[in-house]
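In what follows, a structure is listed as structure tokens, so that the remarks can point back to it.
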Amino acid sequence: MGTMANAESYILAIGTKKGLWLAHSTDRKEWSLNGPHFLMSEIPSIGIDTRGDSPRIMVGVRSEHWGPTVAHSDDLGATWTEPDQGAISFPKDTEAALERVWQIYPDAESRPGVVWAGCEPISVWKSTDGGEHFELNRGLWDHPHRSEWGAGYGGAAAHSIVVDPSGEKVHIAMSTGGVYRSLDGGASWEARNKGISAYFMPDPNPEFGQCVHKIAADAAVDGRLYAQNHHGVYRTDDGGENWESIAEGLPADFGFVMLTHPRRSGTAWVVPLKADGERIPPDARLAVHRTDDAGGTWKRLETGLPDHEYNAVLRDAAAVDTAEPVGVYFGTRGGEVYASADEGESFTEVVSHLPDVLCVRAAVVSGAAVPAGAASA
């Protein structure tokens, strides 16, 4: 497979129920596509690490025959590497086996090589070699609440990991269980769900047990995070000690997506769905909603999106890049993928008729050699 060099280019990684596709662009409007990679394997998670000399793409791969693992590519998908014994393997004393890798999270620029993973069964893992080998976080695995964490509709997922610049404060979210926070880099964890509703439980305001669908951190305000819950959209300004609703102004408070601006305070995006029992866009009209004032008001963004859509957008089937203006991307369970080069003001279709889109990640890959043509793995 050949390559093309570009001074300024973008990569969009699309994980589906039946493989991985990679799209490339120089303007975030016209895209070239290659794939499938890992055909017939589920790709529920993707991480693009741009901290090194060349970008590393890491993917959680789940084969019905071979099982789950993490593979990586240092040449934008031309070749893939997978550890012989698997990147993630539960210690024998846990009597557990890996079912799925739900999240791959490259850490801060100041901690090169550190990559986090969230998995099923509910667990958090950490790598110090760029995602080639991961170690189980025992503080969370041995937590006294673990036996009471349950599975959401899609499975038992540790699906969100947010690490602050110091590396000491870490937030995770799980379905089901809610938000947990560590103040010592992951050595110990405490539930932090005050204000987040669990209306489906006998006590609608428990310490833990919430079905939080996604969390994301504000880039410029320390301690501020946003959460999309199983019915409910929330913000905390004190690191999770207290959460307040910011759903007013949205057409519905159900959904899976929560994205935040990589630099600007107060900007976040959600993709509302009608309800847990009717998982379609409200009125079957697909739209992204953006706040620029930390949830005080919301703006509906639908230019370029179809008039009718009955497919949902899953929690990790949406992403932002770090360009200026920021790009916003998402894919549907119907296999359509959309891109915006203007923070959601307008969208173009990248590709359609893919399998069920599970995960989308985007990155600026300035100066990188970008694969050209079709490829498979």
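The values are calculated or read from the model by the stated rules, or taken from the named source; none is laboratory data. The structure displayed is predicted, hence computed values, not measured ones. Every residue, glycine as well, gets a Cβ built from its backbone with ideal geometry; the counts of neighbours run over all protein chains shown.
Looking at region 354-365, which of its residues are touching a Phe, Trp or Tyr at 6+ places or on another chain (Cβ under 9 Å) and in a loop (DSSP other than H, G, I, E, B)?
Result: Leu354, Val365.
What about Gly113, is it under 22 Å from Asp53 (Cβ atoms), touching a Ser or Thr at 6+ places or on another chain (Cβ under 6 Å), of a type outside the set (A, V, I, L, M, F, W, C) and not in a strand (DSSP E or B)?
Yes: the conditions hold for Gly113.
Given the structure, is Ser197 surrounded by fewer than 24 Cβ atoms within 10 Å (Cβ to Cβ), touching a residue at least 40 places away in the same chain (Cβ under 8 Å) and assigned to a loop (DSSP other than H, G, I, E, B)?
No: the conditions fail for Ser197.
Looking at region 308-367, which of its residues are aromatic (Phe, Trp, Tyr) and either farther than 23 Å from Ser175 by Cβ or out of contact with any strand residue (DSSP E or B) (no Cβ under 7 Å at 6 or more places or on another chain) (or both)?
Tyr310, Tyr338, Phe347
Exactly one condition in (1) within 16 Å of Phe254 (Cβ to Cβ); (2) crowded, with 20+ Cβ neighbours inside 10 Å; (3) not hydrophobic (A, V, I, L, M, F, W, C) is false for Lys274; which is it?
(2)
Might you let me know whether region 93-102 holds any residue that is surrounded by 24 or more Cβ atoms within 10 Å (Cβ to Cβ), without any contact (Cβ under 8 Å) to a residue 60 or more places away in the chain, assigned to a loop (DSSP other than H, G, I, E, B) and among the small types (Gly, Ala, Ser)?
no
Hey, among Val221, Val271, which residue is closer than 22 Å to His159 by Cβ and either within 20 Å of the chain's Cα centre (by Cα) or of a type in the set (Val, Ile, Thr) (or both)?
Val271
Applying the selection to region 305-353, what residues are hydroxyl-bearing (Ser, Thr, Tyr) and part of a loop (DSSP other than H, G, I, E, B)?
Of everything in region 305-353, those that are hydroxyl-bearing (Ser, Thr, Tyr) and part of a loop (DSSP other than H, G, I, E, B) turn out to be Tyr310, Thr322, Thr332, Ser346, Ser352.
Quick check, is Pro251 touching a helix residue (DSSP H, G or I) at 6+ places or on another chain (Cβ under 7 Å) and either buried (at least 23 other Cβ atoms within 10 Å of the Cβ) or at pLDDT below 95 (or both)?
It is false that Pro251 is touching a helix residue (DSSP H, G or I) at 6+ places or on another chain (Cβ under 7 Å) and either buried (at least 23 other Cβ atoms within 10 Å of the Cβ) or at pLDDT below 95 (or both).
State all residues of region 263-284 that are assigned to a loop (DSSP other than H, G, I, E, B) and hydrophobic (A, V, I, L, M, F, W, C); if no residue qualifies, say none.
Selection gives Val271, Ile280.
I need a count of the residues in region 208-230 that are assigned to a strand (DSSP E or B) and of a type outside the set (S, T, N, Q).
The qualifying residues number 9.
Among the residues of region 23-56, which ones are of a type in the set (D, E, K, R), touching a strand residue (DSSP E or B) at 6+ places or on another chain (Cβ under 7 Å) and closer than 23 Å to Tyr105 by Cβ?
Glu42, Asp49, Arg51, Arg56
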